[in-house]
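Trainee: Dropping a structure here in structure tokens format, bear with me for questions.
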Amino acid sequence: MGAGMARNLVRAGHRVVGYNRTRDKAEALAGDGLRVAGSIRDVCRDAQAVITMLADDAALEQVVSGDGGIAANLSEGATHISCSTIGTAMARRLSAEHADRGQHFLSAPVFGRPEAAESRKLLVVAGGAADLVERFRPLFDAIGRQTFVAGAEPWQANALKLCGNFMIATMIEAFGEAFAHLRKSNVDPHVFLDAMVALFGSPVYANYGGMIADRRFEPAGFALPLGLKDVRLVLAAAEERAVPMPMASLLRDRLLTAIALGQEHLDWSSVARVSEQNAGL
């Protein structure tokens with residue numbers, strides 16, 4: 001995800017300095033015009049904004065905290081923009097830490113898979129002070145096709161993103177159950193998929209539905225453990241607000257079942273296999 005976003009920032013004319021804890025991944029972008037940094041400290045030097053795109057809360061905390069982290073090295077008045085799908089509690093902690101240092105923080109998680117990042121078709125969800133969102137809107141325009149503003153607090157963008165991923169997960173589960181039914185009824189799942197895409201008019205239905213109909217779960221664009229992480233985060237955020245989400249609890253158990261069955265290396269859409277196994281397919 002981060003690689004595609006970085007390329008599009010360079011293509012839009014922004015000066016981009018990149019760092020990855022696995023240096024080879026950053027080096028692969030050098031030919032696209034990105035300058036590769038040897039440390040987080042080098043990335044932060046003279047930067048107006050530092051954008052992070054990481055797998056989870058723990059990875060983000062690792063690059064933000066400590067003497068070699070973003071918070072300790074970002075200039076006063078500069079902004080950390082987190083595009084990662086993280087918990088709402090983590091977003092509030094980062095907001096407070098940056099504010100204590102005279103820095104700014106925006107949450108800007110994105111909807112889309114790696115191919116959408118490459119083709120600048122991500123949907124960006126921004127949260128934070130209105131003036132900051134507008135200041136950095138050119139960055140959002142460079143990586144995505146549309147930006148939605150969730151609210152004046154960064155964590156509100158993360159709440160929206162988590163609920164969006166919850167909706168995608170429910171759709172994946174629904175396809176898995178429906179396809180298992182149709183296969184046992186000798187109905188071609190692809191015919192059903194065509195009907196549903198026509199009914200709902202959603203590219204998300206078309207993309208994930210096609211993967212499940214074809215049983216095409218490798219390579220993983222979004223690995224199953226990351227889906228489990230997001231469902232756990234939406235449940236934690238819901239608990240903060242005393243919002244029951246029984247469907248999310250079910251999805252957590254389905255994703256755990258898929259991992260127990262050895263599918264952790266597959267795309268999260270492979271949770272559909274659980275429905276197939278339950279149906280004796």
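Each value in this text was obtained by applying a stated rule to the coordinates, not by laboratory testing. Bear in mind that the values here come from a model prediction, so they are computed numbers and not experimental data. Please note: Cβ atoms are built from the backbone with ideal geometry, for glycine as well, and neighbour counts cover all protein chains shown.
Trainee: Only Cα pairs under 8 Å and at least 6 apart count here; give the relative contact order of the chain as a rounded whole percent.
Mentor: 14 percent
Trainee: Highest GNM mean-square fluctuation, the chain, Cα pairs closer than 10 Å: which of Leu94, Leu139, Leu106?
Mentor: Leu139
Trainee: Here is a follow-up. Convex hull over the Cα atoms of region 2-152, averaged projected area in nm²? Display every interim value, and only then the final one.
Mentor: Working: hull surface 31.6 nm².
Average projection, Cα convex hull of region 2-152: 7.9 nm².
Trainee: Excluding same-chain residues fewer than 8 positions from Lys25, which aspartates and glutamates have a Cα within less than 14 Å of its Cα?
Mentor: Partners within reach: none.
Trainee: Please give, to one decimal in nm, the separation of the simple spin-label points placed at Val187 and Asp131, each 7 Å out from Cα toward the Cβ.
Mentor: Going from the Val187 label point to the Asp131 one covers 5.7 nm.
Trainee: If we count other beta carbons within 10 Å of each Cβ, what is the order of Thr79, Thr85, Thr22, fewest first?
Mentor: Ordered by Cβ neighbours within 10 Å, fewest first: Thr22, Thr79, Thr85.
Trainee: Can you give the extra length, in nm with one decimal, that the chain gains between Ala55 and Glu239 once fully stretched, where that is 0.36 nm per residue apart less the Cα-Cα distance?
Mentor: So the chain would gain 64.0 nm between Ala55 and Glu239.
Trainee: Mind checking the angle between helix 2-11 and the chain's longest principal axis? C-alpha axes, 0 to 90 degrees, to the nearest 10.
Mentor: That works out to roughly 60 degrees.
Trainee: Would you mind ranking Val243, Val125, Val274 so that the residue whose beta carbon has the fewest other beta carbons within 10 Å leads the list?
Mentor: Sorted ascending by nearby Cβ count, the order is Val243, Val274, Val125.
Trainee: What label, among [x] 57; [y] 45; [z] 53, belongs to percent of Cα pairs over 24 Å apart computed from the structure on display?
Mentor: Read-out from the structure maps to [z].
Trainee: Compute the relative contact order of region 160-278 as a whole-number percentage, counting only Cα pairs closer than 8 Å that sit 6 or more residues apart in sequence.
Mentor: Taking the mean separation of contacting Cα pairs over the length of region 160-278, I get 38 percent.
Trainee: May I pose another question? Given the convex hull over the Cα atoms of region 167-281, what projected area results after averaging over all orientations, in nm²?
Mentor: Details: hull surface 28.9 nm².
That works out to 7.2 nm², a quarter of the Cα hull's surface.
Trainee: Pairs Lys121/Lys184; Lys121/Lys229; Lys184/Lys229: which exceed 30 Å Cα-Cα?
Mentor: Where the Cα-Cα span goes over 30 Å, the pairs concerned are Lys121/Lys184; Lys184/Lys229.
Trainee: Taking the chain as the reference, fit the longest principal axis to its C-alpha atoms, fit the long axis of helix 246-260 to the helix C-alpha atoms, and give the angle between the two in degrees, 0 to 90, nearest 10.
Mentor: It is inclined by approximately 90 degrees.
Trainee: Expected output is a single nm value to one decimal: the length gained when fully extending between Ala206 and Asn278, i.e. 0.36 nm times separation in residues minus the C-alpha distance. What is it?
Mentor: 23.5 nm
Trainee: Right, another one. I need Arg252, Arg215 ordered by Cβ neighbour count within 10 Å, fewest first.
Mentor: Listed from fewest to most nearby Cβ atoms, that is Arg215, Arg252.
Trainee: Quick one: compute the contact order of region 2-152, relative version, from alpha carbon pairs under 8 angstrom and 6+ residues apart, as a percent.
Mentor: Numbers: 255 pairs, mean separation 29.6, N = 151.
Relative CO of region 2-152 lands at 20 percent.
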